[in-house]
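What follows is a set of notes on a single structure, which appears directly below.
The values are calculated or read from the model by the stated rules, or taken from the named source; none is laboratory data. As the structure is a prediction and not an experimental result, all values here were calculated from the model. Here Cβ is always computed from backbone atoms with ideal geometry, including for glycine, and neighbour counts include all displayed protein chains.
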Amino acid sequence: MDPTHATVAELVHARWGDHRPGLWCGEDTLTHHEVAAGAAARAALLADLLPRGAPPHVGVLLDNTPEFPLWLSAAALAGAAVAGINPTRRGPELARDILHTECRLLVTEPTHLPLLQGLDLPGVRLLVTGTDEYATLLAPFADARPDCSRAAPADRLLLYFTSGSTGAPKAAICSQGRLAAAGRSLAEQFAVTPDDVHYVCMPMFHGNAVIADWAPALVAGAGVALRRRFSASGFLTDVRRYRATYFTYVGRAIQYVLATEPSAGDRDHRLRLGFGTEAGTADAAAFERRFGVRLVEGYGSSEGGAAVRWSPGTPTGAVGRAGPGLAVLDPRTHVECPPARFDAAGRLLNGDEAIGELVNRGPNQFEGYWRNPQAEAERRGSPRPGEAGDADGDGNGEGWYWTGDLFCRDADGFLYFAGRSDDRLRVDGENLAAAMIENILARYEGADAVAVYAVPDPVTGDQVMATLAGDFEPASFAGFLRAQPDLGTKMAPRFVRVVERMPVTATNKIHRALLRREGLRCADPVWWRPTAELAYRRLAPGEAEGMPAPTRGPV
């Protein structure tokens, strides 16, 4: 690992002449040298195709195939940027993502061509991998060598979309320097060596796979094994086949793997570490018991504005210790929240006062959003839009980075994730965090997965609604709620939607925006308690029509 490599282009160039196997996908294997050569050819093609004077942006609408890291590497060499395009988007939303990031070139594959039919994409040239035309375009550059001299650390390399509580996804900017530094930090933290193999099963259009999986492998000269799309049933087969040692995850991926049938060979592999977020303490412990693999839960805002690093001695359930500049603030007053208090069983006792938004008041690496100054101001500025603060005009908090994530912090400085800021509920004047309620409901024996979110109260504020995947019996659920010592008086769900399978996004996170949008008006059975008593009955057909429609979340 060479600390002098300040750009991703230099890291790509460093693999020239390395003839070890370096990239696997299905039956295909490329050496590190072949990856560098393929990137050089595509960089030369980019220089030939991108129009002068336009932002050097390339849209990549691909599954996890070898072409994805090849184009990332090519963009780095060419001083261009890749916009990862989500293949689960459709119609005008898909067109909006491509046009918003001003992609003059869109690289895709035959399986995704139907997604583009009928879309109005003026000025966008299409490159379809695996076709004769594509091979013909690349042929003149077959002898190209990687040249990293055109790249600088400040050059944009990634435009990756992050979701928000309202409006269209925002395209966060990541420079070559930031990505190289992130890869170097993770490679050092997890002692990645050239003999490691990183299994990339999360989608590469998302920051997790590129920043936390591909980048540290590139820094260390480790191998990369790709899975076209995540498969729980194929996870262990792939890990064995590629002799993978490291992988990343987000959302419910760990739950899906744990749901596969156990076998005597569950520990027959080289995997030593998984790094990600949202697995949960119980699932992380179950994964280690079954597979013998430690999961490290980390936190880093996609935009680079704040990060929390796990270290030995971090308590169960905590993400890590708050570093310099990190604070948990009440978003209304900008005052630091009191320390979190836990009982002997690790249950949070003062969530209402201890939970606030994680803010970085020190230097940060947030590089902005593409063509979205309003979203940048929400992240960087103080006070928050629509909130009181800085009435005297002294600029207090200007330049802080507001993560949009809820945390609490204990007396020793350890941070505990409590959900997204748009997952906060206000019930009868009391602020609640959805993640805290979810942690309690997850103890219910019949629950395979739980999501908690707000539906509007007929008078003011919110009511608590939960979606539960699994077996639900109203009397036993009510009895379970009565037995939970840390279930506050406002936390018990007024409504419970029962589903066979929890809806998820393309990155395997629970699709909370969809659940909030549908509210009570859904095809699944909904149970509710008409009074304060914990007695649930089935919501009758048509009964929901007389109740308030959802007013929060994306439209």
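Couple of notes before you dig in:
- Any chance His206 is under 26 Å from Thr29 (Cβ atoms) and over 22 Å from the mean Cα position of the chain (by Cα): no
- Residues that are under 13 Å from Pro493 (Cα atoms) and without any contact (Cβ under 8 Å) to a residue 12 or more places away in the chain were ranked within the range 511-541; the one that is surrounded by the most Cβ atoms within 10 Å (Cβ to Cβ) is Pro530.
- Apart from one condition, Ser476 fits all of (1) modelled with pLDDT of 90 or more; (2) farther than 29 Å from Asp330 by Cβ; (3) touching a strand residue (DSSP E or B) at 6+ places or on another chain (Cβ under 6 Å); the exception is (3).
- Taking the range 219-240 as the range and being more than 25 Å from Gly300 (Cα to Cα) and either in contact with a Gly (Cβ under 7 Å, 6 or more places away or on another chain) or without any contact (Cβ under 8 Å) to a residue 24 or more places away in the chain (or both) as the test, the residues that pass are Gly234, Thr237.
- For the range 307-314, the criterion of a residue being without any contact (Cβ under 8 Å) to a residue 60 or more places away in the chain, assigned to a loop (DSSP other than H, G, I, E, B) and buried (at least 18 other Cβ atoms within 10 Å of the Cβ) is satisfied by no position.
- Considering the range 315-349, the residues that are surrounded by 15 or more Cβ atoms within 10 Å (Cβ to Cβ) and among the β-branched types (Val, Ile, Thr) include one that is farthest from Ala212 (Cα to Cα), namely Val328.
- Inter-residue pairs, beta-carbon under 9 Å, first in the same structural domain as Leu113 (by TED's automatic domain parsing) and in the range 130-147, second surrounded by fewer than 12 Cβ atoms within 10 Å (Cβ to Cβ), 6+ apart: Gly130/Pro110; Thr131/Pro110; Leu137/Asp48; Pro140/Asp48; Phe141/Asp48
- For Ala513, the criteria (1) touching a strand residue (DSSP E or B) at 6+ places or on another chain (Cβ under 7 Å); (2) within 30 Å of Phe205 (Cα to Cα); (3) part of a helix (DSSP H, G or I) hold in every case but one, which is (1).
- Qualifying residue in the range 114-125 (condition: under 26 Å from Ala40 (Cα atoms) and in a strand (DSSP E or B)): yes
- Failed condition for Ala75, given (1) buried (at least 22 other Cβ atoms within 10 Å of the Cβ); (2) over 24 Å from Met202 (Cα atoms); (3) touching a strand residue (DSSP E or B) at 6+ places or on another chain (Cβ under 7 Å): (2)
- Restricted to the range 192-207, and to residues there that are in contact with a Ser or Thr (Cβ under 6 Å, 6 or more places away or on another chain) and surrounded by fewer than 24 Cβ atoms within 10 Å (Cβ to Cβ), the residue that is farthest from Thr248 (Cα to Cα) is Asp196.
- Qualifying residue in the range 85-105 (condition: in a loop (DSSP other than H, G, I, E, B), at pLDDT 95 or above, β-branched (Val, Ile, Thr) and touching a Phe, Trp or Tyr at 6+ places or on another chain (Cβ under 9 Å)): yes
- The one condition in (1) under 29 Å from the mean Cα position of the chain (by Cα); (2) in contact (Cβ under 8 Å) with a residue 40 or more places away in the chain that Val35 fails to fulfil: (2)
- Yes/no for Arg270 being of a type in the set (D, E, K, R) and under 23 Å from His206 (Cα atoms): no
- Residue tally, condition among the acidic types (Asp, Glu) and either in contact with a Cys (Cβ under 8 Å, 6 or more places away or on another chain) or not in a loop (DSSP other than H, G, I, E, B) (or both), over the range 261-304: 3
- Once the range 390-423 is narrowed to residues that are part of a loop (DSSP other than H, G, I, E, B) and either modelled with pLDDT of 50 or more or surrounded by 14 or more Cβ atoms within 10 Å (Cβ to Cβ) (or both), the residue that is farthest from the chain's Cα centre (by Cα) is Asp390.
- Some residue of the range 60-67 being surrounded by 21 or more Cβ atoms within 10 Å (Cβ to Cβ), charged (D, E, K, R), under 21 Å from Ala81 (Cβ atoms) and in the same structural domain as Thr88 (by TED's automatic domain parsing): yes
- For Thr111, the stated conditions do not hold, so it cannot be described as part of a helix (DSSP H, G or I) and free of Cβ contacts under 8 Å to residues at least 12 places away in the same chain.
- When residues of the range 349-381 are limited to those that are within 14 Å of Arg332 (Cα to Cα) and small (Gly, Ala, Ser), the one nearest to the chain's Cα centre (by Cα): Gly356
- Verdict on Leu487 being of a type outside the set (Val, Ile, Thr), on the phi < 0 side of the Ramachandran plot and without any contact (Cβ under 8 Å) to a residue 40 or more places away in the chain: no
- Answer residue from the range 113-162, given it is basic (Lys, Arg) and within 26 Å of Ala14 (Cα to Cα) and is surrounded by the fewest Cβ atoms within 10 Å (Cβ to Cβ) among those: Arg145
- Qualifying positions in the range 468-487 - surrounded by 16 or more Cβ atoms within 10 Å (Cβ to Cβ) and not in a helix (DSSP H, G or I): Leu468, Ala469, Gly470, Phe472, Asp486, Leu487
- Residues of the range 23-67 that turn out to be in a helix (DSSP H, G or I) and closer than 26 Å to Gly223 by Cα, as a count: 16
- Qualifying residue in the range 251-264 (condition: touching a residue at least 40 places away in the same chain (Cβ under 8 Å), touching a Ser or Thr at 6+ places or on another chain (Cβ under 8 Å) and not assigned by TED's automatic domain parsing to the domain that holds Pro21): yes
- Residue check, Thr29 closer than 26 Å to Pro122 by Cα and not charged (D, E, K, R): no
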